[in-house]
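Below is one structure, written out as structure tokens; the observations come after it.
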Amino acid sequence: MLDDFFTRAVVAAIGVALVAGPLGCFVIWRRMAYFGDTLSHAALLGVALSLLLQINTTLAVAGVSVIVAVLLLFLRRSDTLSSDALLGLLSHSALALGLVCLAFMTWVRVDLLGLLFGDILAVTRMDIAMIYGGGGLVLCVLALIWRRLFAATVSPDLAAGEGLEPDRTDLVFMVLTAVVIAISLKIIGALLITALLIIPAAAARRLSSTPEQMAVVAALTGSASAVGGLYASLHYDTPSGPSIVVAAMVLFAVSLVPGGVIVRRMVSKTRGDRP
């Protein structure tokens, strides 16, 4: 079954979407969309290092993203610059370093378009194994820290007062985001990874009445976007990443129309009718 490249791409994209949806809810709640951009831009530096050191690309991207996340957390605590300035500094510095390093590697043929916008032909069985293995680990950790992470999102001071260690929880959340970005690189590309985190979660917000419900709906919306986008990519010969984002954007637009409100009311009524 997984011998067909398109089947592998669909399976991989669904795996990414199932993880990105719930995590994207926290990205929206915590207003950290630009943080996702920072890590996704750092992914190119990870790709360059993987080619230079001859190591697995996903592992290299995850490692660089985690380092950038930890560095951001450290600099934010030192009050050197404001958070948005730090994000801009790290984001564009990592992107520029990655592109410069790739330009110097004249002995390696690099598909820059595929790195930036995704390449369904690049997905292998090993990639699928890493997506579902890493994604499953992310979901397990997210489930374990859900209460603490949600409390730290609502009120860091209150979470600290209850002994929930919001700083440590923030670090874990950043690491989880870095892992998701690393496993998403081949499917959606470095420049559009954040869209897969944000848009399905934004659509789910219109159709949900509880945080847990929003996480589930975001995962389903992301999966539908992934499948629809990849089919459009195959049919119209467009890059996979932008096609998935356009499909997600269409679903978000649908959630804005009156029908989306009706669906939300039906979901809320169903929850209210449960014993």
Study note, to complete from the structure: Residues 10, 64, 257 in order from fewest to most other beta-carbon atoms within 10 Å are 257, 10, 64
Check your understanding: In region 28-126, which chymotrypsin sites (Phe, Trp or Tyr not before Pro) fall in coil by DSSP and have 11 or fewer other Cβ atoms within 10 Å?
Key -> 107
Revision key, fill the gap. Debye calc, one equal point scatterer per Cα of region 79-129, no solvent, log10 I(q)/I(0) at q = 0.13, 0.18, 0.23, 0.26 1/Å comes to -0.53, -0.79, -0.92, -0.99
Check your understanding: In the chain, with Lys and Arg counted as +1 and Asp and Glu as -1 at Cβ, which of these residues, 175, 163, 234, has the Cα nearest the positive end of the dipole, that is, farthest along it?
Key -> 163
Study note, to complete from the structure: Ordered by number, the trypsin sites (Lys or Arg not before Pro) in region 107-201 that occupy a DSSP loop and have at most 12 other Cβ atoms within 10 Å are 109
**Study point:** Rg(Cα)/(2.2 N^0.38 Å) for region 173-252, N = residue count
**Key:** 1.08
**Study point:** Check: region 5-273 dipole with +1 on Lys, Arg Cβ and -1 on Asp, Glu Cβ, in debye
**Key:** 520
Check your understanding: Counting alpha carbon pairs within less than 8 Å and at least 6 residues apart, what relative contact order, in whole percent, applies to the chain?
Key -> 30
Practice item. Would you order 174, 214 from fewest to most other beta-carbon atoms within 10 Å of each residue's own beta-carbon? Key: 174, 214
Exercise for review: Just rank 93, 233, fewest to most, by other beta-carbon atoms within 10 angstrom.
Suggested key: 93, 233
Study note, to complete from the structure: Scoring only Lys, Arg, Asp and Glu (+1, +1, -1, -1) among other residues with Cβ under 12 Å from the Cβ of residue 12 yields +1
Check your understanding: What value does the chain have for Rg/Rh, both radii from Cα atoms and Rh as Kirkwood defines it?
Key -> 0.98
Study note, to complete from the structure: When the charge dipole of the chain is computed with +1 on Lys and Arg Cβ and -1 on Asp and Glu Cβ about the Cα centre, the Cα farthest towards its positive end, among 248, 128, 50, belongs to 248
Check your understanding: Where Rh is the Kirkwood radius over the Cα pairs of region 94-166, the temperature 25 °C and the viscosity 0.890 mPa s, what D in µm²/s does Stokes-Einstein return?
Key -> 152
**Study point:** region 14-86: trypsin sites (Lys or Arg not before Pro) falling in loop per DSSP and having at most 10 other Cβ within 10 Å
**Key:** 31
Study note, to complete from the structure: Rounded to the nearest 0.05, FRET efficiency between residue 137 and residue 101 (Cβ-Cβ, R0 25 Å) equals 0.30
Check your understanding: Under DSSP H, which helices of the chain have Cα atoms covering 20 Å or more of the helix axis and a Kyte-Doolittle average no less than -0.5?
Key -> 5-29, 33-53, 57-77, 83-104, 125-144, 166-188, 193-207, 211-236, 240-256, 258-273
Point to revise | Dipole axis of the chain (+1 Lys, Arg; -1 Asp, Glu on Cβ), positive-most option in 29, 190, 87 | key: 29
Exercise for review: Per DSSP H run of n ≥ 4, the term is -39500 (n - 2.57); total these for the chain, divide by its residue number, and report the mean residue ellipticity at 222 nm rounded to 500 deg cm²/dmol.
Suggested key: -28000 deg cm²/dmol
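Coordinate-derived values only; no laboratory data. If you're wondering where the values come from, they're calculated on a predicted model, not measured in any experiment. Neighbour counts are summed over all protein chains in view; Cβ atoms, including those assigned to glycine, are modelled from backbone coordinates with ideal geometry.
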